[in-house]
Amino acid sequence: MAVKLKLQDKGSVDVAEAAFGVDYNEALVHQVVTAYLAGGRAGTKAQKNRSSARGGGAKPWRQKGTGRARAGTIRSPIWVGGGRTFAAKPRNYDQKVNKKMYRAALRSVMSELVRQDRLVIVKELEIEAPKTRLLATKLKELELDSVLLLNEAFDEKLFLAARNLPNVGICDVASMDPVVLIRFEKVLVTLPALKLIEERLS
């Protein structure tokens with residue numbers, strides 16, 4: 001069974017229900033988005049504990065007879081200049097996400113965009129020159145403020161024109177991910193890009 005989607009510049013297009021007509025799986029989308037964001041973390045934070053802090057090899061004073069508290073090293077965490085008690089160490093934040101789960105999350109997000117009328121489809125999206133003014137005018141005609149421009153392939157003119165516009169993002173189908181799809185209020189997709197998405201998700 002096919003899903004009929006309206007084109008912004010008149011007409012309609014049929015797409016596979018398997019890609020654009022599935023139920024929204026909030027738990028799966030949350031898991032995939034969390035894993036995607038976690039994978040972007042550097043995990044390079046590092047601190048020194050008492051054993052890795054420089055110095056502190058000798059006992060500051062003898063164990064008994066001074067009237068002061070016992071101390072074994074000047075690099076104790078309770079001393080100024082000492083190591084951290086629970087020092088942070090480099091770690092990997094990656095979470096495993098299967099390919100089937102990832103594609104299912106994309107299908108769920110795209111289907112929800114269709115249900116919420118947040119998916120805007122045009123036959124093509126081209127500008128004469130890489131000028132922000134030209135793209136801003138075209139988006140104003142389409143009444144789009146916060147929008148992701150989803151093209152079938154990388155377009156340098158569109159990229160250069162969109163990079164100075166607030167609340168406007170741009171990516172191609174190959175680099176599409178769930179996070180960028182839900183970040184903007186609307187998603188503007190070209191007809192060739194829509195067919196590529198359908199092939200990728202069906």
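The values are calculated or read from the model by the stated rules, or taken from the named source; none is laboratory data. Keep in mind that what you see is a predicted model, and the values were worked out from it rather than measured. Glycine gets a Cβ as well: all are built from the backbone with ideal geometry, and neighbour counts include every protein chain shown.
Summary table
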{"item": "Residue within the stretch 145-161 that is among the β-branched types (Val, Ile, Thr), out of contact with any helix residue (DSSP H, G or I) (no Cβ under 6 Å at 6 or more places or on another chain) and closer than 22 Å to Val15 by Cβ present", "result": "yes"}
{"item": "Residue within the stretch 167-174 that is in contact (Cβ under 8 Å) with a residue 40 or more places away in the chain and either assigned to a strand (DSSP E or B) or within 24 Å of Tyr36 (Cβ to Cβ) (or both) present", "result": "no"}
{"item": "Residue among Val29, Val15 that alone is of a type in the set (A, V, I, L, M) and within 17 Å of Val189 (Cα to Cα)", "result": "Val15"}
{"item": "Residues of the stretch 136-166 classified as within 25 Å of Arg200 (Cα to Cα) and assigned to a loop (DSSP other than H, G, I, E, B), total", "result": "4"}
{"item": "Index of the failed condition, Gly65 passing every other in (1) touching a Pro at 6+ places or on another chain (Cβ under 8 Å); (2) surrounded by fewer than 15 Cβ atoms within 10 Å (Cβ to Cβ); (3) within 30 Å of Ala53 (Cβ to Cβ)", "result": "(1)"}
{"item": "Residue check, Glu156 among the charged types (D, E, K, R) and touching a residue at least 12 places away in the same chain (Cβ under 8 Å)", "result": "yes"}
{"item": "Single residue of the stretch 68-112 satisfying the filter (more than 17 Å from the chain's Cα centre (by Cα), of a type in the set (Lys, Arg) and assigned to a loop (DSSP other than H, G, I, E, B)) that is surrounded by the fewest Cβ atoms within 10 Å (Cβ to Cβ)", "result": "Arg68"}
{"item": "Residue match in the stretch 38-56 (condition: more than 30 Å from Arg183 (Cα to Cα), basic (Lys, Arg) and exposed (fewer than 12 other Cβ atoms within 10 Å of the Cβ))", "result": "yes"}
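Conditions tested, residue by residue: (1) exposed (fewer than 14 other Cβ atoms within 10 Å of the Cβ); (2) at pLDDT below 95.
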{"residue": "Asp9", "(1), (2)": "yes, yes"}
{"residue": "Val15", "(1), (2)": "no, yes"}
{"residue": "Gly21", "(1), (2)": "no, yes"}
{"residue": "Leu28", "(1), (2)": "no, no"}
{"residue": "Gln31", "(1), (2)": "no, no"}
{"residue": "Ala35", "(1), (2)": "no, no"}
